[in-house]
Structure formats: C-alpha cells, structure tokens
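Trainee: Mind having a look at this structure? Questions to follow.
Throughout, read-outs are computed from the coordinates displayed, never taken from laboratory work. Here the structure is a predicted model, which means the values were calculated and not measured. Backbone-built Cβ (ideal geometry, glycine too); neighbour counts: all protein chains shown.
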Amino acid sequence: MTDNKQPTIYDVSERVGVSLATVSRVVNNNGKVKSETRQKVLKAIKELNYRPNAMAKGLASSKTTMIGMVMPDLTDLYYAELAQGIDAVAKIYKYSVTLAVSDENPEAEKAALNTLIDKHVDGMIYMGNKTSGEMLKLLEDSPFPVVFAGSVDPQGKLPSININYVKAFSQAGEMLKKSDLDESEVALVDNPGEGSLSSLRQQGFLNAVSGGKIYESDDDYQAGYNLAQHLYEDGIKAVIVGEDEPALGILNYMQDNGIKVPDQFQIISSNDTKLVKMARPAISSVTQPKFDIGAVAMRLLTKLMSGQEIDDSKVVLPHEFVMRDTTK
C-alpha cells in the first residue's frame, strides 16, 4: 500500500479474509466475533494504520436514521425517477439519504460502499447493472441491509424490486411480429455489459422472435445513432432497444436520412423516460413504474432495518406498454 492512500475497511477485510460486517463489529465492539478472528482484525488494523471514522464509531450502538443510495449515473433519467421514489418514502419514515455515484466502475463502487460503512448508514439501496462478482459478495457481507432497485442480483440472494424483464421483452417482440415482419427483420439492441439484466432482455426477446438478431450498443445517444446505419443496411425494419438514449439516436438517424418512421422502420424503447415522450415522433416504450420501484425498495428497506419479517424479498411490479408514433 502506498503512503498516500488512506486504508479502508475494505483493505482490512481483504487482509484478514473476513467480511466487512465482521470488521465493522470489531471496530465498533458490537456483535459476536470469535476471539481469534477479533485478534486478527485488530492486528490488521494496526499494521495498515486503519483509522475508523470517528463519527461512525461513536454511533455504533444507535441508529443514524440515514440510508445510502448508490447510483451508476447521476444524469440517467431512469435512475433519477427511481431516486425520487426512494426519497419520497425515506422522508415519510424520517430517513435522510446520502448519495454515492459509482459510474459503473468497480473500484468506485467499493469506495462508495466503504464510505457508507464509515458513515454508519442503517441500510442501502443499490442501483446498477454492471455489478462484479466481488461487489456482489461485498454487498452480501455488508453490515447493513441492502436492497436492489431496478437492478438484478444474478444470484438472487439480495432483496430486489423489478419488473418481469423476460415477459416485457417477449411481449414487445410479439407486438412487432404482428406488423407482418419476418423474424429476421426484427432486432434487439442491447448492452451486454449490463450482465444479468441484458441476459433477461435477450431471453425474453428470443422467446418471441427466435429468428431475430441481437446488436450490441452502449447506452448513449451517439452509440445508437452510429449503429442505426448498420441496422438499416442489414435489412432490419424494427428494433427493441434496451435504453432510451440509443433509441433516440436510432430514431434521429432514420429521420436525418429520410427513412420514414414507422412506415419503414419501427422502434420500441424500454424505460419510458421523458426523452422518448419528447421525441418527434414520440417513441413507443415499455413502461416501468419507476417511481414505485424506488418507493417499494425504500419501504422494504425500512422493514429490514427495523427487523420486521418479510413475506417476499423479490418483488415484481407490473409493467405496461405505451404505443406511440414509432410503431404501427
């Protein structure tokens, strides 16, 4: 470890080979820890010169009424709407929210988790779709409850609030097939980097359009615009797009090049944010109850933080479709 790097609770857990929760219990002297393990943790703390956050240490035996929220992108309207739901319920239950932005970077995510542990939050809501196996393990071992909101835990161990992505993308595929298109003319545009969420989208799409094509795209506008030419040249006449920004890029490419939407090319997006509503023509979309996903996630977290019994930790909310002007 370099001299200019402040050691973290993560460094201690890695040195000893125990969970973050175990280190937290030793630091705060609350909870049962085997004597041998406690000595190893204390030795690592001394060797690394780890200095626990003084405020967190002082609050070890009491509630802070603060929850952490980890968001991958502060500018993404999808996550912003989830956050509104989280914040609304947090206020009802008198919790303050501290935000950490991960930029979908593994190191930034670990740093965010470490910061929340140091702040001694009572719980955390996680949003993100590029979660590494290491990060999943850290979340499972965290000293406070964690709930996934609009994100997928591939191992299904952590509580989560979602829609049925397989069903939604299967239904979208069926809708496009009804417009007298050959399956080879229908495509899914998706970001494979989104891991489990991408897998569920692809599964649903192929359930309905087994002969369809899948194209990879990043989640930004320019990526969609750049891909659109290849889609049209490949004979694609309809797409389902995993995110709203690339869907808008595809639409604008078609408009810029005289390709009529929806007569010559159809588009269905997935998040139904303001972007697809403000586009002209307005883009058809799967509608996710984004505010409700955030609100239910926060309510579930309040129950977990207070030790209440949970009937179902995997909540699936209903989705719908809004068919606007980019589909026939």
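Trainee: Among all the lysines, which ones have a C-alpha under 25 Å from Lys177's C-alpha, if same-chain residues fewer than 8 places away are not counted?
Mentor: Result set, ordered by chain and number: Lys167, Lys213, Lys237, Lys260, Lys277, Lys328.
Trainee: Calculate how steeply helix 35-48 sits against the longest principal axis of the alpha-carbon atoms of the chain, using the helix alpha-carbon long axis, and give the answer as 0 to 90 degrees to the nearest 10.
Mentor: 80 degrees
Trainee: Provide the gained length on full extension for the span Leu136 to Asp292, in nm with one decimal, where the gain is 0.36 nm per separating residue minus the Cα-Cα distance.
Mentor: Extra length from Leu136 to Asp292 when fully extended: 53.7 nm.
Trainee: In whole Å and largest first, what semi-axes does the C-alpha gyration tensor of region 156-224 yield when each eigenvalue is scaled by 5 and square-rooted?
Mentor: The answer is 22, 16, 9 Å, longest axis first.
Trainee: Quick one: if you stick a label point 7 Å off each Cα along the C-beta vector at Lys119 and Gln39, how many nm between them?
Mentor: The modelled label-to-label distance comes out at 3.7 nm.
Trainee: Decide, for region 184-293, between rounded, prolate and oblate: order the square roots of the alpha carbon gyration tensor eigenvalues as a ≥ b ≥ c, take rounded if a/c falls under 1.5, and otherwise choose prolate if a/b is larger than b/c, else oblate.
Mentor: Cα axes put region 184-293 in the oblate bin.
Trainee: Would you mind getting me the FRET efficiency between Leu48 and Asp103? Use the beta-carbon distance for r and R0 = 35 Å, nearest 0.05.
Mentor: 0.85
Trainee: Can I ask one more? Report the Cα-based extents of region 71-178 along its three principal axes, largest first, to the nearest Å.
Mentor: Its Cα atoms span 54, 33, 25 Å along the three principal axes.
Trainee: Give the angle, between 0 and 90 degrees and rounded to the nearest 10, that separates the Cα long axis of helix 77-92 from the longest principal axis of the Cα atoms of the chain.
Mentor: 50 degrees
Trainee: Same structure, new question: Normalising by the residue count of the chain, find the relative contact order in percent from Cα pairs under 8 Å and 6+ residues apart.
Mentor: It rounds to 17 percent for the chain.
Trainee: State log₁₀ I(q)/I(0) for region 240-322 at q = 0.11, 0.25, 0.26 Å⁻¹ as given by the Debye formula over alpha-carbon point scatterers of equal weight, solvent excluded.
Mentor: For the requested q values the scattering log ratios are -0.43, -1.13, -1.19.
Trainee: Convert each backbone phi in region 213-226 into a coupling constant with the Karplus relation 6.51 cos²θ - 1.76 cosθ + 1.60 (shift: θ = phi - 60°), then list the ³J(HN,Hα) values in order as whole Hz, x for Gly and Pro.
Mentor: Residue by residue, region 213-226 yields 10, 10, 10, 8, 7, 5, 8, 10, 4, 5, 4, x, 4, 5 Hz.
Trainee: Going highest first, how would you order 115-125, 11-21 by mean Cβ packing within 10 Å?
Mentor: Highest mean packing first, the order is 115-125, 11-21.
Trainee: If each residue of separation counts as 0.36 nm, what is the full-extension length gain between Lys167 and Lys94 once their alpha-carbon separation is subtracted?
Mentor: 22.7 nm
Trainee: Using Cα pairs closer than 8 Å and at least 6 residues apart in sequence, work out the relative contact order for region 223-292, in percent.
Mentor: Contact order relative to length: 30 percent.
Trainee: When only alpha-carbon atoms count, how far does the chain stretch along each of its three principal axes, as whole angstroms with the largest first?
Mentor: Reported extents, whole Å, longest axis first: 70, 42, 31.
Trainee: Now a separate question. Can you compute the FRET efficiency between Ser210 and Ser313 using 1/(1 + (r/R0)^6), with r the Cβ-Cβ distance and R0 = 45 Å? Round to the nearest 0.05.
Mentor: Working from the Cβ atoms, E equals 0.85.
Trainee: Explain nothing, just the number: dipole magnitude of region 205-326 about its Cα centre with +1 on each Lys and Arg Cβ and -1 on each Asp and Glu Cβ, in debye rounded to the nearest 20.
Mentor: The calculated dipole for region 205-326 is roughly 320 debye.
Trainee: Let me ask something additional. When you count, for each residue, the other Cβ atoms within 10 Å and take the mean per peptide, how do 158-168, 229-239, 311-321, 175-185 rank with the highest first?
Mentor: For the peptides 158-168, 229-239, 311-321, 175-185, the packing ranking is 158-168, 229-239, 175-185, 311-321.
Trainee: Where the only charges are on Cβ atoms (+1 Lys, Arg; -1 Asp, Glu), what is the dipole of the chain about its Cα centre, to the nearest 20 debye?
Mentor: About 1740 debye.
Trainee: Ranking request for peptides 135-142, 198-205: highest mean number of other beta-carbon atoms within 10 Å first, then the rest in descending order.
Mentor: Per-residue Cβ counts within 10 Å, averaged per peptide and sorted highest first, yield 198-205, 135-142.
Trainee: Modelling each spin label as a point 7 Å along the Cα-to-Cβ direction, I'd like the Asp234/Met278 distance in nm, to one decimal.
Mentor: Reported label-point gap for Asp234 and Met278 is 3.0 nm.
Trainee: Tell me, what is the FRET efficiency for Met323 and Thr75 to the nearest 0.05, using R0 = 22 angstrom and their Cβ-Cβ distance as r?
Mentor: The computed FRET efficiency comes out at 0.20.
Trainee: Amide H to amide H under 5 Å from Val239: which residues, 5+ apart in sequence or cross-chain, H placed 1.01 Å off N in plane?
Mentor: HN-HN under 5 Å from Val239: Ala187, Gln266, Ile267, Ile268.
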